[in-house]
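> Please see the structure below; I have some questions.
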Amino acid sequence: MSKKRAHENRSARAAEVIRRQEAAEQRRRLIVVGAVAAVLVIAVVVGLVVQGQRDTTGDVATPPAGASDSFGLVLGDDGAPHTAVVYEDFLCPVCGEFEKLTNAGLADAVEAGRVQVEYRTLDFLSQFGDYSQRSANAFAVVLDAAGPDVAKKFHDELFADQPSEEGPFPEDSALVEKAVEAGADESAVKAGIEDLAFAQWVKNGTERASKDGVVGTPTVMLDGKPVSGETLGDLAANLLTGIS
């Protein structure tokens with residue numbers, strides 16, 4: 001074999017080796033890219049699952065009988081010329097004062113057919129303990145078991161006998177006793193109050209309120225617009241004047 005032919009053969013073999021190395025490298029890159037893509041897809045899926053677990057507003061929660069679709073107790077005629085929504089927390093001391101200033105006026109306006117009022121009870125003050133959740137759940141239990149009139153009496157009694165944010169907080173037995181005083185049957189409410197039967201419904205309603213822009217309690221809406229006031233007295237007066 002001539003030197004020229006031998007050189008050509010070596011060149012050809014070298015070229016083939018290089019081609020095979022490049023092909024192997026290309027396959028390796030594709031495998032790496034595919035693996036990275038798979039990891040990213042898994043990460044995205046896991047992230048969505050985790051986020052879905054954190055977002056509980058989509059969790060199914062059976063509402064109390066008589067509750068509105070917007071997580072509230074509605075009082076008054078559908079055809080009333082005004083609608084008012086009150087976001088409240090049974091532990092909120094400002095809500096308690098607002099209740100004292102507006103309860104009678106709102107009740108009179110509902111009775112006269114001037115306004116339809118919706119009370120949306122939230123668990124906003126959980127940083128102080130579990131009373132906000134337990135009282136809101138008890139309210140839902142009473143609404144479910146005894147209807148809106150008894151639930152409203154229970155609502156009023158919870159505010160009339162409101163504990164301090166620092167506690168001590170009423171036990172479940174005290175909530176059951178107060179529900180019975182409002183007109184509920186003990187056997188119909190005891191288990192639901194003790195077992196937090198509507199805890200998820202309360203949580204969903206609280207998160208819905210947050211998504212709707214409610215950042216504190218009391219928050220009051222009249223005919224779809226927020227009611228404002230420099231003082232709590234102004235807030236109460238502006239609401240009652242608006243439905244007079």
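The values are calculated or read from the model by the stated rules, or taken from the named source; none is laboratory data. All figures in this text were calculated on a predicted structure; none of them were measured in a lab. Side chains are part of the model used for accessible areas, which takes the heavy atoms of the whole protein and leaves out ligands, DNA and RNA. Shrake-Rupley method; radii C 1.70, N 1.55, O 1.52, S 1.80 Å.
> If one puts a single equal scatterer on every Cα of region 53-136 and applies the Debye formula without solvent, what log₁₀ I(q)/I(0) results at q = 0.11, 0.12 Å⁻¹?
Evaluating at q = 0.11, 0.12 Å⁻¹ gives log10 I(q)/I(0) of -0.37, -0.44.
> Now a separate question. Once fully extended, how much extra length lies between V215 and T241, figured as 0.36 nm per residue of separation less the alpha-carbon to alpha-carbon distance?
6.9 nm
> For region 234-241, in order, what is each residue's ³J(HN,Hα) by Karplus, 6.51 cos²θ - 1.76 cosθ + 1.60 with θ = phi - 60°, in whole Hz (x at glycine and Pro)?
5, 4, 5, 5, 5, 5, 5, 5
> Another question about this same structure. For region 168-184, take each phi angle, set θ = phi - 60°, evaluate the Karplus expression 6.51 cos²θ - 1.76 cosθ + 1.60, and give the result in whole Hz per residue in order, putting x for glycine and proline.
For region 168-184, the Karplus curve yields x, 9, x, 6, 4, 4, 5, 5, 5, 4, 5, 5, 5, 4, 6, x, 7 Hz.
> I've got another one for you. Under the Karplus relation 6.51 cos²θ - 1.76 cosθ + 1.60, θ = phi - 60°, what is the ordered set of whole-Hz ³J(HN,Hα) values for region 156-161, x standing for Gly and Pro?
Those phi angles translate into 5, 5, 4, 6, 5, 10 Hz.
> Another question, if that's okay. Figure the gain on full extension for A65 and A107 (residue separation times 0.36 nm, minus the Cα-Cα span) and round it to one decimal in nm. Display every interim value, and only then the final one.
Details: separation 42, 0.36 × 42 = 15.12 nm, distance 2.19 nm.
Roughly 12.9 nm would be gained on extension.
> Could you pull the Cα extents of region 106-242 along its three principal axes, largest to smallest, in whole Å?
41, 35, 25
> Still on this structure, I have one more. Given a 1.4 Å probe, how much area per residue of region 96-141 is accessible, in Å²?
Heavy-atom SASA per residue in region 96-141 reads 37 Å².
> Further, regarding this structure: Of all the accessible heavy-atom surface of region 146-244, with the other protein chains kept in place and a 1.4 Å probe, what percent is carbon and sulfur?
Values: 2540 of 5200 Å².
Result for region 146-244: 49 percent of the exposed heavy-atom area is carbon or sulfur.
> When we measure straight from the Cα of K190, which aspartates and glutamates land under 18 angstrom away, once same-chain ones fewer than 8 places off are left out?
Here the aspartates and glutamates satisfying the reach criterion relative to K190 are D130, D144, E157, E171, D172, E177, E181.
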